[in-house]
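*Asks:* Please see the structure below; I have some questions.
The values are calculated or read from the model by the stated rules, or taken from the named source; none is laboratory data. Being a predicted model, the structure only gives us computed values, none of them experimental. As a convention, Cβ positions derive from the backbone with ideal geometry for all residues, glycine included, and neighbour counts pool all protein chains shown. Surface areas here come from the heavy atoms of the whole protein model, side chains and all, with no ligands, DNA or RNA. Shrake-Rupley method; radii C 1.70, N 1.55, O 1.52, S 1.80 Å.
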Amino acid sequence: MKIRLVTPAGPSDRNGNSVTALRWARILKHLGHRVFVEESYRGEPCDLLIALHARRSAPSIRRFKEDHPELPLIVALTGTDLYRDIRTSAAARQSLDLATRLVVLQSKGLEKLPRRLRAKTRVIYQSAPRVRGAARPKAQFKVCVIGHLRPVKDPLRTAAAARLLPASSTLRVFHAGRALSQQMERRARAETLRNPRYRWLGELPHWKTRGLLARSHLLSLTSIMEGSANVLSEAIASSVPVLASKISGLIGTLGKNYPGYFPVGNTRALARLLLRAETDPRFYRALKSHCARLRPLVDPRLERAAWKRLLAELTLTLTLSQLGRGNGEGRSRNREGGI
């Protein structure tokens, strides 16, 4: 098939959506399809459109269905889709209705959709290859924060929590990600200057970010809203345990009984967990063993198989639809001919 994969961020932007889009493109090419990653659909021919983001891709989704009402359309839902836009945006809701199939990235995403849409929704967990880092430092408890600096990520929460730790703590926070506003950049630079436990590294190439993660004792994931998180899959794949804000988009991957949750925005609760992970070997092992049990969930083979099943579904649906139209046209001609 010729597949067009629309992601509004654009393939050159290293954010979560573009990382997801490029990974999916590799998977689809591996399955034998021709794939074109674009910022919008402009009417070029294809057999299938995959649109990442129901609201921001809404113009592309509408145009594709107007041009090709008979062709399959997959809409993949982001965190802002699931936890905000489908309640506030008519365009996002229309995208859900126009889609042949919907894709969510973790199990609890289904709960945010109207019941009438769940039958056409598939859960496809984000995968990541394992990256083995060098030995983690023994003289320092290394925590990484990975993500661009924008309010929905609550990016400086870990730095604020680190300031509350006792002088005996060796914990240090290393933050990789681009500041998406001048205000965020000023805040990150000021935090680096006044907080000896925090260092903002700015945006790094993906391979360097994966290396930073693999050499860390812990990932701190403080998002206010997530559809899922590529970095969570990467941490699980690389045996790096996680402290995570207790939100639906992360519970859908980590499970409701994960011991490393803290309430959204609660600096003191996060500080207590950071200190406990550093100083309580039993707690740290519990985090690590829980994440180890989740590793099969982020195996690239699982994601590839899920896409293979989904495309087979759509191919069968399209074939049956074409056969049905063909039979209908034949009956119509027979009636017109008086038979």
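*Asks:* Given the conditions (1) out of contact with any helix residue (DSSP H, G or I) (no Cβ under 7 Å at 6 or more places or on another chain); (2) farther than 26 Å from Ser18 by Cβ; (3) open to solvent by less than 10 Å² (accessible area, probe 1.4 Å), report the number of the one that Asn195 does not fulfil.
*Replies:* For Asn195, the failing item is (1).
*Asks:* Just checking, which of Ala269, Ala235, Ala277 is part of a helix (DSSP H, G or I), over 30 Å from Arg122 (Cα atoms), of a type in the set (A, V, I, L, M) and touching a helix residue (DSSP H, G or I) at 6+ places or on another chain (Cβ under 8 Å)?
*Replies:* That would be Ala277, the only listed residue that is part of a helix (DSSP H, G or I), over 30 Å from Arg122 (Cα atoms), of a type in the set (A, V, I, L, M) and touching a helix residue (DSSP H, G or I) at 6+ places or on another chain (Cβ under 8 Å).
*Asks:* Right, here's the next one. Can you give me the number of residues within the stretch 167-177 that are without any contact (Cβ under 8 Å) to a residue 40 or more places away in the chain and either crowded, with 16+ Cβ neighbours inside 10 Å or assigned to a strand (DSSP E or B) (or both)?
*Replies:* So the count comes out to 4.
*Asks:* Looking only at the stretch 75-102, how many residues end up being in a helix (DSSP H, G or I) and either of a type in the set (Phe, Trp, Tyr) or in contact with a Phe, Trp or Tyr (Cβ under 9 Å, 6 or more places away or on another chain) (or both)?
*Replies:* Within the stretch 75-102, residues that are in a helix (DSSP H, G or I) and either of a type in the set (Phe, Trp, Tyr) or in contact with a Phe, Trp or Tyr (Cβ under 9 Å, 6 or more places away or on another chain) (or both) number 2.
*Asks:* Any idea which of Leu171, Leu213 is more than 22 Å from Gly79 (Cα to Cα) and in contact with a Gly (Cβ under 8 Å, 6 or more places away or on another chain)?
*Replies:* Leu213
*Asks:* If a residue has to be closer than 18 Å to Ser107 by Cβ and either of a type in the set (A, V, I, L, M, F, W, C) or outside any loop (DSSP other than H, G, I, E, B) (or both) to count, how many in the stretch 246-266 make the cut?
*Replies:* So the answer is 9.
*Asks:* Among what's in the stretch 91-114 and is modelled with pLDDT of 95 or more and of a type in the set (D, E, K, R), pick the residue that is most open to solvent (accessible area, probe 1.4 Å).
*Replies:* Checking each candidate, the answer is Arg93.
*Asks:* Can you tell me which of Leu164, Leu212, Leu201 is in contact with a strand residue (DSSP E or B) (Cβ under 6 Å, 6 or more places away or on another chain), within 20 Å of Gln140 (Cβ to Cβ), open to solvent by 50 Å² or more (accessible area, probe 1.4 Å) and not basic (Lys, Arg)?
*Replies:* Answer to the check: Leu201.
*Asks:* Of the numbered conditions (1) in contact with a strand residue (DSSP E or B) (Cβ under 6 Å, 6 or more places away or on another chain); (2) more than 24 Å from His217 (Cα to Cα); (3) among the small types (Gly, Ala, Ser), Gly177 satisfies every one except a single condition; which is it?
*Replies:* Result: Gly177 passes all but (2).
*Asks:* Let me ask something additional. Quick one: which of Ala54, Ala139, Ala128 is in a loop (DSSP other than H, G, I, E, B) and out of contact with any Asp or Glu (no Cβ under 8 Å at 6 or more places or on another chain)?
*Replies:* Just one listed residue meets the conditions, Ala139.
One line per residue, one yes/no per condition, for (1) of a type in the set (Gly, Ala, Ser); (2) at pLDDT below 95; (3) farther than 26 Å from Gly109 by Cα; (4) open to solvent by less than 10 Å² (accessible area, probe 1.4 Å):
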| position | (1), (2), (3), (4) |
| --- | --- |
| Gly10 | yes, yes, no, yes |
| Ala21 | yes, yes, no, yes |
| Arg34 | no, no, yes, no |
| Ile61 | no, no, no, yes |
| Ala76 | yes, no, no, yes |
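*Asks:* Applying the selection to the stretch 78-90, what residues are open to solvent by 60 Å² or more (accessible area, probe 1.4 Å) and of a type in the set (A, V, I, L, M)?
*Replies:* Ala90
*Asks:* Here is a further query. Considering only the stretch 142-151, state which residues are assigned to a loop (DSSP other than H, G, I, E, B), touching a Lys or Arg at 6+ places or on another chain (Cβ under 9 Å) and farther than 17 Å from Arg215 by Cα.
*Replies:* Listed by number, the list holds a single entry, His148.
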